[in-house]
Amino acid sequence: MDQPKRVVVCGGGVIGACTAYFLAAKGAAVTLVEMSDVACAASGKAGGFLALDWCDGGPLEQLARASFNLHRSLAQDLDGPRSYGYRPLTTLSLTVIESEGSSAASTLPSWVNGPARGAKTIGTPETTAQVHPQLFTRTLVDRAVERHGVEVVIAKLERLEVEQGRVGSVVLEGGRVLEADAVVLALGPWSSKLVLLSSLFRVYGLKAHSIVLEPREGSLITPHALFLSYYSSKRGAPLDPEVYPRPSGEVYVCGMSKEEEVPEDPAEIRGNSESIAMLKRVAKSVSSYLGEGEARVKAEQACFLPCTDDGVPLIGEVPGVKGCYVATGHNCWGILNGPATGAALAQLILDGHSTIVGLKPFSPTRFLGRRKA
Ligand SMILES: Cc1cc2nc3c(=O)[nH]c(=O)nc-3n(C[C@H](O)[C@H](O)[C@H](O)COP(=O)(O)OP(=O)(O)OC[C@H]3O[C@@H](n4cnc5c(N)ncnc54)[C@H](O)[C@@H]3O)c2cc1C
């Protein structure tokens, strides 16, 4: 029998975790290298919202649809007894104007008792769902270790050894070398810190904030995700925060993003106090159950969306380096699109092509010639 292919996956966010999981399930001998902690960055601090058809009509349509369905089947296989909080949801869009009085629209869930109006259903339990992103990512890695013998190494990838245009190994900080038949670089917004990648394309970080609240009356909060147009009396332009209740009774609120330099160490990422204060204000305006005194603030945090110049992820072989693959740039849809990204890459690396999703729109060759080496 042939020896299994040795694949080193670098980056323990949702993209690296999904890729390691599907590679190992298909028989590869996988080592996952993470410099800090699995799901320490955006993949641990995201909303975890999933939508079947919100990317329809664009290059992400197939990836998103395949991923949404894979999330459902993964949850049946891995989420017992509801270990990472997968559940279908109703999703509403609504306008909140701070300066207006509370409304009691019958179309709103009873806990949304602030000055909200214009509610529209934009997702049903058939088309929208959620996971707890940190628990999802960690569960995938744990199962990949238990079921398929994946090895997790906590160390920073320093560089790749490339000979005659083919990757042969990765070198970790401290000098440890891992031999590899293939390497996957799933470094999120840190991708550009590797010269091999930054010479080919730009991946930049958009810093976004979030808070996690634990309301005293958590059992009253129904499974309704909220996409807001929020008019603060303190700011001119409307904001577009999102509110995601979780099955645990917690409520996650996110928004307030801007482009910023990504620090070397994920542990150094701190939220800006004004952005966090604004999210608390949003929560209190949406629901009295989420205001100070009624809800404990469990987390105040920030993280970076990994973005490309054309808004489309990079998934495929790195031009000029056989056996080296990149998977990043998933922007605001990495938790959704992790599963089909990982499954498609596993097919590409082990079978030579992907049948789950056509990877052409994501080819890293599309930026060739556009960036100075
Ligand atoms: C506020 C917010 C809300 C979001 N909500 C949603 C949502 O509801 N639904 C959705 O689908 N998406 C959402 N997203 C987007 C999603 O979080 C990201 O697209 C996704 O997490 C990116 O995953 P990743 O694995 O590419 O990157 P990351 O999660 O950043 O992981 C990269 C990993 O690589 C490691 N690493 C980097 N460099 C090295 C190195 N040299 N050596 C070893 N390890 C290294 C890092 O430590 C990190 O763990 C949200 C994002 C934000 C910021």
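The values are calculated or read from the model by the stated rules, or taken from the named source; none is laboratory data. The shown structure was predicted, so the numbers you read here are calculated from the model rather than taken from an experiment. All Cβ positions, even for glycine, are placed from backbone atoms using ideal geometry, and neighbour counts span all protein chains on display. The accessibility values were calculated without ligands, DNA or RNA, using every heavy atom of the protein model including side chains. Shrake-Rupley method; radii C 1.70, N 1.55, O 1.52, S 1.80 Å.
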Legend entry - Total formal charge among the other residues, if their Cβ is under 12 angstrom from that of LEU185, Lys/Arg +1 and Asp/Glu -1: +1
Legend entry - Overall Cα dimensions of the chain, principal axis frame, Å, largest first: 69, 42, 40
Inset, instruction - Any chance you could run the full-extension gain for GLU163 through GLU268? It's 0.36 nm times the residue separation minus the Cα-Cα distance, nm to one decimal. - result: 34.3 nm
Inset, instruction - Take the Cα atoms of the stretch 3-107, build their convex hull, and give its volume per residue in Å³. - result: 186 Å³
Inset, instruction - Would you compute, from DSSP H runs of 4+ residues alone, the mean residue ellipticity of the chain at 222 nm, taking -39500 (n - 2.57) per run and dividing by the full residue count, rounded to the nearest 500? - result: -7000 deg cm²/dmol
Legend entry - Accessible surface of the stretch 86-192, 1.4 Å probe, proportion on carbon and sulfur as whole %: 47 percent
Inset, instruction - Output the relative contact order of the stretch 1-150, whole-number percent, from Cα pairs under 8 angstrom with separation of 6+ residues. - result: 32 percent
Legend entry - Cα-projected label distance for GLU126 with SER93, points at 7 Å along beta-carbon direction, nm: 2.0 nm
Inset, instruction - Using a 1.4 angstrom probe on heavy atoms only, work out the carbon and sulfur share of the accessible area of the stretch 221-373 in %. - result: 49 percent
Inset, instruction - Give a quick list of trypsin sites (Lys or Arg not before Pro) in the stretch 1-84 that DSSP marks as loop, anything other than H, G, I, E or B, with at most 14 other Cβ atoms within 10 Å. - result: ARG82
Inset, instruction - With a 1.4 Å probe and all protein chains in place, put ILE122, ILE276 in order of accessible area, largest first. - result: ILE122, ILE276
Legend entry - Test item: Cα-centred dipole of the chain, Lys/Arg +1 and Asp/Glu -1 on Cβ, debye: 380 debye
Legend entry - Amide N of the stretch 260-292 lying under 15 Å from the label point, which is placed 7 angstrom from the Cα of SER110 along Cα→Cβ: 288-289
Legend entry - Candidates per GluC sites (Glu not before Pro) in the stretch 198-307, loop by DSSP, up to 12 other Cβ within 10 Å: GLU261, GLU264, GLU292
Legend entry - Contour excess over end-to-end distance, with Cα ends at VAL171 and GLU217 and 0.36 nm allotted per residue: 11.5 nm
Legend entry - Selection of trypsin sites (Lys or Arg not before Pro), the stretch 136-220, meeting DSSP coil and at most 14 other Cβ within 10 Å: ARG176, ARG216
Legend entry - Residues of the chain: accessible area per residue with a 1.4 Å probe, Å²: 43 Å²
Inset, instruction - Figure the gain on full extension for GLU260 and PHE367 (residue separation times 0.36 nm, minus the Cα-Cα span) and round it to one decimal in nm. - result: 36.3 nm
